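Novice: Handing you a structure now.
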Amino acid sequence: MSQSYRFLPFRFERVADRVLLVNDVGDFHFLPESSFDALIGRKISPESSEYLDLKSKNMIWDSHLSNVIDLLATKYRTKKQFLYDFTSLHMFVLTRRCNQRCAYCHASSVCVEDKDVLDMDVATARKCVELVFMSPAKSIKIEFQGGEPLLNFNVLKSVVEYSLELNEKYKKNLEFVVCTNLIALDEDKLEYIKSNKIYISTSLDGPEYIHDEFRKNRSGEGSYKNVTANLALAQSSLGHDNISALMTVTDLSIDHLDEVIDEYIARGLGSIFLRMLNPLGYASAEWNRLGYSVDDFVDAYAKALDKIIQINRSGVYFPEMFTTLLLSRILTPFSTGFVDLQSPAGVGIGGVIYDTNGDVYVSDEARMLAHSKGDKSFCVGNAHSHSWREIFGSERLREIISSSCIEALPGCAWCVFQSYCGADPVRNYAVYGDMVGKRPENDFCRKHKAIFRVIFEYLAKDDEDIEDIFWSWIIGKPLAENSANATQM
Amino acid sequence: MRTFTGVAVNFSYSLIGKIISGAVSPHATEPDSHIFIFNDPQSRSQRTGLLLNSSSPVFENCDSPVFKLLGENYVVEKGDVILLTPNEGGTVLYEKKSRSNAVLVTNRCNSHCITCPQPPQPDQEDLADFSSKIISLIDPDLEVLGITGGEPTLNWEGLLKVVSASRKFLPNTSIQLLTNARLLKDFVKAKELAELAEGNLFACVPLYGDVDSLHDEIVGVRGAFWETVEGLYNLARVGICVELRTVIMQSNYSRLEKWAEFVYRTFPFVDHVALMGLEPIGLAAENIDKVWIDPADYAKQLEKSVKSLHRRGMNVSIYNHQICTLPKSLWPFARKSISEWKNIYFQECEGCKMQSACGGFFHSAQAHRSQSISAFS
Ligand code: SF4
Ligand code: SF4
Ligand code: SF4
């Protein structure tokens, strides 16, 4: 007999030998194939627990539709909260110079000692800071990038000081991050970083032989010794929690991620972010030497994640940060803004980058497009000549954003992972010449789809230990410390 | 509430009073320990009356109200608020040393929960005035004052009256409002309550299931689930803290884990989640065959649910459970929650070394308690 329930919108796909259902607010449910057939054929009995599960997770309804819709609307608003926050990440390119010459540098840094042309000056920095504080976001993160930002430390200081001064009035939750290779770190700089609570994000590709293969100084020597020595110095001064490192998976490390992980743990780094190399900047020219396929990356990622989970099982708290981000999207009802993967895209409205001359780009990739190809399509203004309103309210930015809602993009619109994924209109433009791009064959999509699968395979296991580990990553501390509510008897 | 018996002398009407000195127990002899004061806000006069026990000296020519206690079964202490009725005896309205004091706003309710411990009744008078009077007598160092019912929001003006009395006389006390939150689907009401309480009120709201049919069946009203959901969202919007509760019973224990996940995904803002054992009195006692389930039989579901909420960073507590019915991993979450005057232990408990940590039983558990009670030695 046909049952009288109706469907609410959900997307589905076969994952882990079952059918995965996901709705717009990210509720998900696994069904065996036969139950899925019964669901679609309206044959699930209202008394069955499957029926109640599907109802509880807002996949079907049988009464009180307007209440159900109100509930979903509230959950949807919560999920998209990052839109209310508006631009909170503000990246400053303090200089285009660098003291390293990494084979895959995305920023195509140069070594010329021509500071006048390649550094941001104080006047520009101040203009940019003024723009930053026009943002309605309650939390502001100012991230110093380069090149190597420590090479223009005076301007870094002037940004910090002017920001603190303006913040007396604006009262934002203000954070600073410096993305540095640490080579130019010295006592004075460290002292300044410490007293202004600046967070350090550095790069360490793995053990010496891996790191030094691609990260070399200008005279061609590997930087590992220098970087790790300064890392230890910074850790002892700032505390381990105030420094994290990023790694880029290279053709050399892709088969040795276990060694990279061991290196991170040995260096007292509390987490890792396994980042795929993107065909940008120098890496694009040398793709044949450095690059690898998405499939290779995802295989390596899956193996590494397995190892990381084993490590956590043994009692060492050590999250993989990209997995953690996706898990927060999948398992929590909250909004998780991440400028590189959200819908609408975070370009301009989540994060923005100020180039040395005050040009405002919607992302680092947008800036690279201008430098490498002379294409300023994603430059939305200049801090010297445009007001906040002209930049962030511009037609161009609106156009970019409205091209990046995956809810309406071909391929994404019916993808089961849509509620957790995002778009990169700049990358699409760079690869396809338009902001929409093509799915599922582009690398961005293939990579994310495959990683989502890996994660859902774990979730399908229903393994309490794995759940404990995943949740400890999301919450940001080991489960044993999450005991404010469990009193000892 | 605890009651005691006695003989009224020199008064023929009900008195509310507060014990202002000493303690009154069956064998106390110091005369000054027997004084209570009663306060009549209408006349603004304060009169002193006496509470006497059988061994107290006799007061000749005394025209103050005097109440001579009978029997052995009472202890009243300084700070307690009591009601004396000439024909019906005394009631302790507020017990200073108890951690669970509450006042009533109405006995009426808009639900008919299958497990209701205090079945709704019509009100004979406005309980809010009476409760406000009690509040005016309570020592202001009280930490938590409960407002309960019935469903307090049904007497809306009365509820506001009691909340303002609490704000006025007990400015540092937090108010614990037990409500099904259905009427709070009206945002204006939720806001009015929040403004009056100024951050000093938290709501304890029962939600018995993760789907409407299950919850509605238990509370006996179709549509109640969605009203409570709306009420919960309004409470979050106006910034009132929420403790979400469920009572574990036959019809809902198998979905407890689903309920926990639903609560986290739908109401991540709740400050506290409480999973409660059944109190076999009132309607729960009448419906016992339909609702009773031995805690030992749902230990697995309870463990999974508590762990699931805990790993999600939610504050979670187990109320009304005996330690020996719980897996050891749940002990840190078990609270001694049964009100002092209700809790008892049985002979199975003799010599149990966990007794001081254990919630024990409701008085009413004589007939229905877990088969797996056994003392820890
Ligand atoms: S990019 Fe790919 S994985 Fe992401 S939503 Fe679109 S189709 Fe799905
Ligand atoms: S338990 Fe509470 S809501 Fe339910 S009927 Fe009793 S008083 Fe009303
Ligand atoms: S035996 Fe009695 S006192 Fe001991 S844990 Fe069980 S119920 Fe509590």
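Novice: What is the local net charge at B:E243, summed over the other residues whose Cβ is closer than 14 Å to its Cβ (Lys, Arg +1; Asp, Glu -1)? Show your work: numbers first, answer last.
Specialist: Numbers: positive: B:R245, B:R335; negative: B:D271.
In short, +1.
Novice: I'd like the FRET efficiency for A:S219 and A:D462, computed as 1/(1 + (r/R0)^6) with the beta carbon distance as r and R0 of 60 Å, rounded to 0.05. All intermediate terms of the calculation are to be shown ahead of the outcome.
Specialist: On the way: r = 55 Å, r/R0 = 0.91.
So, using R0 = 60 Å, E works out to roughly 0.65.
Novice: By how many nm would the segment from A:L166 to A:K477 lengthen if fully extended, with 0.36 nm per residue of separation less the alpha-carbon distance? Could you put the intermediate results ahead of the total?
Specialist: On the way: separation 311, 0.36 × 311 = 111.96 nm, distance 3.34 nm.
That pair, A:L166 and A:K477, stretches by 108.6 nm at full extension.
Novice: Something else about it: Tell me, what is the percent relative contact order of the stretch A:271-341, built from C-alpha pairs under 8 Å that lie six or more residues apart?
Specialist: Normalised by residue count, the contact order of the stretch A:271-341 is 34 percent.
Novice: In percent, how large is the relative contact order of chain A, given Cα pairs closer than 8 Å and 6 or more residues apart? Mind showing how you got there, number by number?
Specialist: On the way: 801 pairs, mean separation 75.8, N = 489.
The value is 15 percent.
Novice: Once fully extended, how much extra length lies between A:A285 and A:E13, figured as 0.36 nm per residue of separation less the alpha-carbon to alpha-carbon distance?
Specialist: In short, 94.2 nm is gained.
Novice: Among the listed pairs B:K304/B:K328; B:K68/B:K97; A:K307/B:K304; A:K57/B:K189; B:K133/B:K168; B:K307/B:K328, give every one whose C-alpha distance is greater than 18 Å. Could the numbers behind the result be given before it?
Specialist: Values: B:K304/B:K328 13 Å; B:K68/B:K97 23 Å; A:K307/B:K304 26 Å; A:K57/B:K189 29 Å; B:K133/B:K168 12 Å; B:K307/B:K328 12 Å.
Checking Cα-Cα distances, B:K68/B:K97; A:K307/B:K304; A:K57/B:K189 exceed 18 Å.
Novice: In addition: Mind checking which of B:N110, B:N343, B:N87 has the largest fluctuation in a GNM of chain B, springs on alpha carbons under 10 Å?
Specialist: Result for chain B, Cα springs under 10 Å: B:N87 fluctuates most.
Novice: How far is helix B:224-237 tilted, in degrees, relative to the longest principal axis of the Cα atoms in chain B, given as a value from 0 to 90 rounded to the nearest 10?
Specialist: With rounding to tens, the tilt is 80 degrees.
Novice: So, one more: Run the dipole for chain B about the Cα centre, Lys and Arg Cβ at +1, Asp and Glu Cβ at -1, nothing else charged, and hand back the magnitude in debye, nearest 20.
Specialist: On the way: 36 positive and 42 negative charges, 207 e Å.
Using Cβ point charges on Lys, Arg, Asp and Glu, chain B gives about 1000 debye.
Novice: Separate question: Please go through the residue pairs A:K216/A:K447; A:K141/A:K447; A:K55/B:K290; A:K189/A:K376; A:K461/B:K336; A:K189/A:K447 and name each one whose alpha carbons sit more than 31 Å apart in this structure. Walk me through the numbers before you get to the answer.
Specialist: Working: A:K216/A:K447 28 Å; A:K141/A:K447 28 Å; A:K55/B:K290 25 Å; A:K189/A:K376 34 Å; A:K461/B:K336 36 Å; A:K189/A:K447 39 Å.
Over 31 Å Cα-Cα: A:K189/A:K376; A:K461/B:K336; A:K189/A:K447.
Novice: Return the FRET efficiency for the residue pair B:Q121, B:D141: r is the Cβ-Cβ distance, R0 is 30 Å, and the value is rounded to the nearest 0.05.
Specialist: 0.35
Novice: For the protein assembly as shown, what ratio Rg/Rh do Cα atoms give with a Kirkwood hydrodynamic radius?
Specialist: Result: Rg/Rh = 1.06.
Novice: What number results when the radius of gyration of the stretch B:233-366, computed over Cα atoms, is divided by 2.2 N^0.38 Å?
Specialist: Numbers: Rg = 15.3 Å, N = 134, 2.2 N^0.38 = 14.1 Å.
So the Cα radius of gyration is 1.08 times the expected 2.2 N^0.38 Å.
Novice: Add +1 for every Lys or Arg and -1 for every Asp or Glu among the other residues with Cβ under 11 Å from the Cβ of B:V219, and state the total. Could you put the intermediate results ahead of the total?
Specialist: Details: positive: B:R182, B:R222; negative: B:E151, B:D212, B:D216, B:E217, B:E227.
In short, -3.
Novice: Bins of 5 Å, beginning at zero and ending with the bin holding the largest distance: percent of Cα pairs per bin for the stretch B:274-339, please.
Specialist: Distribution as computed: 4, 17, 27, 24, 16, 9, 4, 0 percent.
Novice: Another question about this same structure. Ignoring everything except DSSP H segments at least 4 long, calculate the 222 nm mean residue ellipticity for chain B; use -39,500 (n - 2.57) per segment, divide by total residues, nearest 500.
Specialist: Details: 9 runs with 91 residues, N = 377.
Helix contribution divided over all residues of chain B: -7000 deg cm²/dmol.
Novice: How much FRET efficiency would the formula 1/(1 + (r/R0)^6) give for B:D186 and A:L83, where r is the Cβ-Cβ distance and R0 is 45 Å, rounded to 0.05? Walk me through the intermediate numbers first.
Specialist: Numbers: r = 29 Å, r/R0 = 0.64.
The computed FRET efficiency comes out at 0.95.
Novice: What percent antiparallel are the DSSP beta bridges of the stretch A:1-154, to the nearest 5? Walk me through the numbers on the way to the answer.
Specialist: Values: 13 of 19 bridges.
Antiparallel: roughly 70 percent of the beta bridges in the stretch A:1-154.
Novice: So, one more: To the nearest Å, what is the center-to-center distance of the stretch B:273-345 and the stretch A:157-174, using C-alpha atoms only?
Specialist: Using only Cα atoms to place each centre, the spacing works out to 51 Å.
Novice: Shifting gears a bit: Tell me whether the stretch A:85-373 comes out rounded, prolate or oblate; compute the Cα gyration tensor, take square roots of the eigenvalues as a ≥ b ≥ c, and use a/c under 1.5 as the rounded threshold. Don't skip to the answer; put the middle values down first.
Specialist: Working: a/c = 1.42, a/b = 1.25, b/c = 1.13.
The shape class here is rounded.
Novice: Okay, moving on. DSSP beta bridges in the protein assembly as shown, what fraction antiparallel, as a percent rounded to 5?
Specialist: So the antiparallel bridges in the protein assembly as shown amount to around 45 percent.
Novice: To test your reading of the geometry: what angle, between 0 and 90 degrees and rounded to tens, separates the Cα axis of helix B:299-311 from the longest principal axis of chain B?
Specialist: Long axis of B:299-311 versus the principal axis of chain B: about 90 degrees.
Novice: Considering only the other residues whose Cβ falls under 11 Å of the Cβ of A:P425, what net charge follows from Lys and Arg at +1 and Asp and Glu at -1? If you can, show how the numbers build up before the last one.
Specialist: Values: positive: A:R427; negative: A:E365, A:E399, A:D424, A:D434.
With Lys, Arg at +1 and Asp, Glu at -1, the net is -3.
Novice: Take chain B, connect every pair of alpha-carbon atoms lying under 10 Å apart with a spring to form a Gaussian network, then pick out the residue of B:G313, B:G89, B:G231 with the largest mean-square fluctuation.
Specialist: Of B:G313, B:G89, B:G231, the Gaussian network model singles out B:G313 as fluctuating most.
Novice: Something else about it: By how many degrees, 0 to 90 and rounded to 10, does the Cα axis of helix B:256-266 deviate from the longest principal axis of chain B?
Specialist: 90 degrees
Novice: Could you state, as a whole-number percent, how many of the C-alpha pairs of the stretch A:135-218 are farther apart than 18 Å?
Specialist: On the way: 1687 of 3486 pairs.
Distances greater than 18 Å cover 48 percent of the Cα pairs.
Novice: Related question: Taking the stretch B:290-377 on its own, what percent of its Cα-Cα pair distances exceed 15 Å?
Specialist: Values: 2262 of 3828 pairs.
Cα-Cα pairs in the stretch B:290-377 separated by more than 15 Å: 59 percent.
Novice: How high is the relative contact order of the stretch A:6-79? Use alpha-carbon pairs under 8 Å, at least six apart in sequence, and give a whole percent.
Specialist: Details: 72 pairs, mean separation 21.9, N = 74.
With pairs under 8 Å counted, the relative contact order is 30 percent.
Novice: Magnitude of the Cβ-charge dipole of chain A, K/R +1 and D/E -1, about the Cα centre, nearest 20 debye?
Specialist: Values: 53 positive and 68 negative charges, 267 e Å.
Dipole magnitude for chain A comes out near 1280 debye.
Novice: Expected output is a single nm value to one decimal: the length gained when fully extending between A:A370 and A:E395, i.e. 0.36 nm times separation in residues minus the C-alpha distance. What is it? Let's see the in-between values first.
Specialist: Details: separation 25, 0.36 × 25 = 9.00 nm, distance 1.94 nm.
Fully extending the segment from A:A370 to A:E395 adds 7.1 nm.
Novice: Let me ask you something else. Above 32 Å lies some portion of the pair distances; for the stretch B:102-333, what is it as a whole percent of all C-alpha pairs? Don't jump to the answer; show the numbers that get you there.
Specialist: Numbers: 4775 of 26796 pairs.
Counting pairs separated by more than 32 Å, the tail of P(r) holds 18 percent.
Novice: What is the spin-label model distance, in nm, from A:S2 to A:D186 if the labels are put 7 Å beyond Cα along the C-beta direction?
Specialist: Label-label distance for A:S2 and A:D186, simple model: 8.1 nm.
Novice: DSSP beta bridges in the stretch A:85-373, what fraction antiparallel, as a percent rounded to 5?
Specialist: Numbers: 5 of 34 bridges.
Bridges in the stretch A:85-373 are about 15 percent antiparallel.
Novice: So how do A:C405, B:C204 rank on accessible area, 1.4 Å probe, biggest first, that is with the largest at the start? Present the calculation step by step, with values, prior to reporting the outcome.
Specialist: Values: A:C405 40, B:C204 0 Å².
I get A:C405, B:C204, largest accessible area first.
Novice: A further question follows. Which aspartates and glutamates, if any, have their Cα less than 12 Å from the Cα of B:K258, not counting same-chain residues under 8 positions apart?
Specialist: Of all the aspartates and glutamates, those that pass the test against B:K258 - Cα under 12 Å, at least 8 places apart if same chain - are A:E50, A:D53, B:D210.
Novice: Which one of A:I309, A:G346, A:V178 has its Cα pushed farthest toward the positive end of the charge dipole of the stretch A:85-373, where Lys and Arg give +1 and Asp and Glu give -1 at the Cβ?
Specialist: The residue sitting most towards the positive pole is A:G346.
Novice: Along the stretch A:455-472, what does the Karplus equation 6.51 cos²θ - 1.76 cosθ + 1.60 (θ = phi - 60°) give for ³J(HN,Hα), rounded to whole Hz, x for Gly and Pro?
Specialist: 5, 5, 4, 5, 5, 5, 5, 6, 9, 4, 5, 5, 4, 4, 5, 4, 5, 5
The values are calculated or read from the model by the stated rules, or taken from the named source; none is laboratory data. Small disclaimer: the values here were computed from a predicted structure and weren't measured. All Cβ positions, even for glycine, are placed from backbone atoms using ideal geometry, and neighbour counts span all protein chains on display. All accessible areas refer to the heavy atoms of the entire protein, side chains included, with ligands and DNA or RNA removed. Shrake-Rupley method; radii C 1.70, N 1.55, O 1.52, S 1.80 Å.
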